[in-house]
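J.: Here it is, the structure, as C-alpha cells.
The values are calculated or read from the model by the stated rules, or taken from the named source; none is laboratory data. Every value quoted in this text rests on a predicted model; they were computed, and no experiment measured them. So basically every Cβ, Gly included, is an ideal-geometry build from the backbone, and we count neighbours across all protein chains shown. These accessible areas exclude ligands, DNA and RNA; they are computed on the full protein's heavy atoms, side chains included. Shrake-Rupley method; radii C 1.70, N 1.55, O 1.52, S 1.80 Å.
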Number of protein chains: 4
Amino acid sequence: MPSTIDDVMPPVPTVDAVNEMIEHLFPGSNNTCEGLGSDFAIAMREVADSELRPGAFISGPSQFGLADAALWYLVFGATGRIEPMALTSELSIRFLRPAQGRVLWARATLDVSGRRNVVGTVRVWCDDREHKPTATAQGTYVLPH
Amino acid sequence: MPSTIDDVMPPVPTVDAVNEMIEHLFPGSNNTCEGLGSDFAIAMREVADSELRPGAFISGPSQFGLADAALWYLVFGATGRIEPMALTSELSIRFLRPAQGRVLWARATLDVSGRRNVVGTVRVWCDDREHKPTATAQGTYVLPH
Amino acid sequence: MPSTIDDVMPPVPTVDAVNEMIEHLFPGSNNTCEGLGSDFAIAMREVADSELRPGAFISGPSQFGLADAALWYLVFGATGRIEPMALTSELSIRFLRPAQGRVLWARATLDVSGRRNVVGTVRVWCDDREHKPTATAQGTYVLPH
Amino acid sequence: MPSTIDDVMPPVPTVDAVNEMIEHLFPGSNNTCEGLGSDFAIAMREVADSELRPGAFISGPSQFGLADAALWYLVFGATGRIEPMALTSELSIRFLRPAQGRVLWARATLDVSGRRNVVGTVRVWCDDREHKPTATAQGTYVLPH
C-alpha cells in the first residue's frame, strides 16, 4: 500500500472554520483569516479610525496585533488543528515605512513546526501594496500540552 | 565657573505635560504616563473588557501596546523633549506568564540615548505584582531629524 | 530619452569584490560571499572543529555570525556600495533544529533599504539542506553617514 | 517543622563547578563564569586579536556569544542544575556603542524561570565600564526534558 502525503501532513482547517472560531471566542476582534495552508496564513483587518495616529498612520500596536494573528492562524495550518489556546511565546517586529491605508494585511510563512513550538516570519502591508511592506516580524507560538 | 548637571542633562518633562500631549493628539488612547525620569518611564492602562481573552487573560497586543508607550515616554525623559513624532523602529517582546488583572503597568529603563535612537528595556506586570512580570521587552525608538 | 532601471537601481558589486574586501580587512574571517543581488545575499562558512559542541552541533554564535555576515553583504547589494563600516544595529535569531554538517549557509533577503538603514530576513542551514533551516533571523544594519 | 527557603529555591551551583564543566566539555571556549546567583550570572572573556575589527572594535558576534554564555550560566543558577544541554531558543541583541577594550563582560538577570524555559535580559560592556553598555540583549533558553 503506497504511503501518501496524508501520512505526514495533517489536513489544513478551512478559512471558514478559523473565522467561526474567532467570532465565537473573540467576538470583539476585527481580524479575519483570508488564506491558510500548511506553510502560510493570511490575516486581514479593516482599520478603524481609532487606530490612526496623526497623519493617518496606522499605529504600531495595530500592526503587531495583526502580525500576531497571522502567526496564530499559521499554527492552525501547520498543525492541522484549530488551537485557540496556542500562545505567543515571543515576537519581534521591525517597522519599515509609514503605514497608510484602509485595510491592513499580514502574511505569515512557516519557518518550523515542532512538537512544542511553531516559528514563522510575517510581512505586513496596506491595501494592495504587498511589495511595499510596512513591517516585518518573526515569532514563536507555543502549543498547549 | 562650576559645570553643573544642567550642562549635560536636559530637564525631564513633567508627567502632566506628557499626559496633556497624549490627550490632545491621541484622544482615544487609554495609556497614561505615571512616572518619568531621565532614565526610566512608567506607563499604565486600565484594561477594557474587549482586551480580555477567554480565561480573562489580557491579550498580547495590549501588553505590546503598553510596552511601546512606556518606551515612547522614555524618549521624552531621556531627550528632555516631548517628541510626538519619535517612532518605534523595532521592538521584541517575550511573554512570561498569564496576565490577569484590572490594571496593566510597564516600566521602561534606559539602555542608551543617542543622537538618532533611544534603546530601552521594558517590564510589564498586572496590578501590584511588579515582581511577577507578565512580559519583558526591548526596543528602539528613532528620533525625528 | 527613456528612463531605465539604472536610474534607480545602483549596480550590484560583484561577489569577487566583496570577498577581496573581506580578505583585505578581515583576514581572519572564515565567511565568504557566494551570491549577491540587489535584494538578496548568500554567505558561506566551512565549519571548524572548534565551533562544534558535544554531539557535533554547530554553535549558536557561529550561526549568528554567519547570519550577521549575510546581512552585511545584503547592505552592499541593496545600496550598490561596499560599505565596510555599515554596522549591525540589532539582530534577533531563532534556532529551529540542531545544526550538523561541514558547511554552514545563510541567505539574507531584503525587507527594506532606506537612507539610514537596511532591514533583512535571514535563513541559515547546513550543507545542501536549505529546506531544513537550522535558524531564522531578522535584523537591521545602519549605514555610515 | 518550619518550611525554609530550601523548599523552593534550589542551591546555586558554584562558579568553580560551572567553569570545570566548560573546560571539560568546551575546551576551546574563552568564556568563563565570574559570578552566579539564582537570579543573575556574570560571564567574562579576554578578547583575542582575531575578534577585533578595524579600529580595534570587538565584533558583534563575539558580544552575542558572551551574552549567550551569560544566559546559559543563568539557567544553571535559576534551576540549581548544571544543564550543559540547555539550548538557546531565541535571542535578540541591540548594539549600543562601539566596544573597545581587552576584557568583555556580560551580566544576565532573570526575567522568569519556568518548567520548560528560562528568560533573561543581558547587558554587555568592556573592561570596568558597566555604566557604558556596548550591547543589550534578551533571550530564551529551553530546558532538556
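J.: Looking at the range A:126-138, which of its residues are surrounded by 23 or more Cβ atoms within 10 Å (Cβ to Cβ) and hydrophobic (A, V, I, L, M, F, W, C)?
T.: A:ALA135, A:ALA137 - these are the residues of the range A:126-138 that are surrounded by 23 or more Cβ atoms within 10 Å (Cβ to Cβ) and hydrophobic (A, V, I, L, M, F, W, C).
J.: Sticking with this one: Before we move on, is C:GLY114 of a type outside the set (Ser, Thr, Tyr) and open to solvent by 10 Å² or more (accessible area, probe 1.4 Å)?
T.: yes
J.: Out of the residues in the range B:6-57 meeting the condition of being farther than 21 Å from A:ASN31 by Cα and acidic (Asp, Glu), tell me which one is nearest to the chain's Cα centre (by Cα).
T.: My answer is B:GLU34.
J.: Let me ask something else. Among the residues of the range D:98-111, how many are open to solvent by 50 Å² or more (accessible area, probe 1.4 Å) and not polar (S, T, N, Q)?
T.: Residues flagged as open to solvent by 50 Å² or more (accessible area, probe 1.4 Å) and not polar (S, T, N, Q) within the range D:98-111 amount to 4.
J.: Which ones in the range D:57-75 are open to solvent by 10 Å² or more (accessible area, probe 1.4 Å) and either farther than 20 Å from D:ARG102 by Cα or in contact with a His (Cβ under 9 Å, 6 or more places away or on another chain) (or both)?
T.: Result: D:TRP72, single match.
J.: Identify the residue in the range B:23-33 that is surrounded by fewer than 18 Cβ atoms within 10 Å (Cβ to Cβ) and not aliphatic (A, V, I, L, M) and, among all such residues, is farthest from A:ASP49 (Cα to Cα).
T.: Within the range B:23-33, the match that is farthest from A:ASP49 (Cα to Cα) is B:THR32.
J.: Give me the pairs, please: first residue somewhere in the range B:54-71 and more than 9 Å from chain A (Cβ to nearest Cβ), second residue anywhere and part of a helix (DSSP H, G or I), beta-carbon distance under 8 Å, and either six or more positions apart or on two chains.
T.: Listed pairs, sorted by first residue: B:ILE58/B:GLU51.
J.: Give the range C:76-93 a look and list any residue that's among the β-branched types (Val, Ile, Thr) and either facing another protein chain (nearest Cβ under 7 Å) or surrounded by 24 or more Cβ atoms within 10 Å (Cβ to Cβ) (or both), or say none.
T.: C:THR88, C:ILE93
J.: Being over 24 Å from D:THR14 (Cα atoms), aliphatic (A, V, I, L, M) and out of contact with any Lys or Arg (no Cβ under 9 Å at 6 or more places or on another chain) is the filter here, so list the residues in the range D:42-57 that pass it.
T.: D:ALA48, D:LEU52, D:ALA56 - these are the residues of the range D:42-57 that are over 24 Å from D:THR14 (Cα atoms), aliphatic (A, V, I, L, M) and out of contact with any Lys or Arg (no Cβ under 9 Å at 6 or more places or on another chain).
J.: For the range D:1-20: of the residues being open to solvent by less than 100 Å² (accessible area, probe 1.4 Å) and at pLDDT 95 or above, which is nearest to D:ALA86 (Cα to Cα)?
T.: D:VAL18
J.: Hey, another quick one. Would you mention how many residues in the range D:36-56 are in a strand (DSSP E or B) and surrounded by 15 or more Cβ atoms within 10 Å (Cβ to Cβ)?
T.: Looking only at that region, the number is 9.
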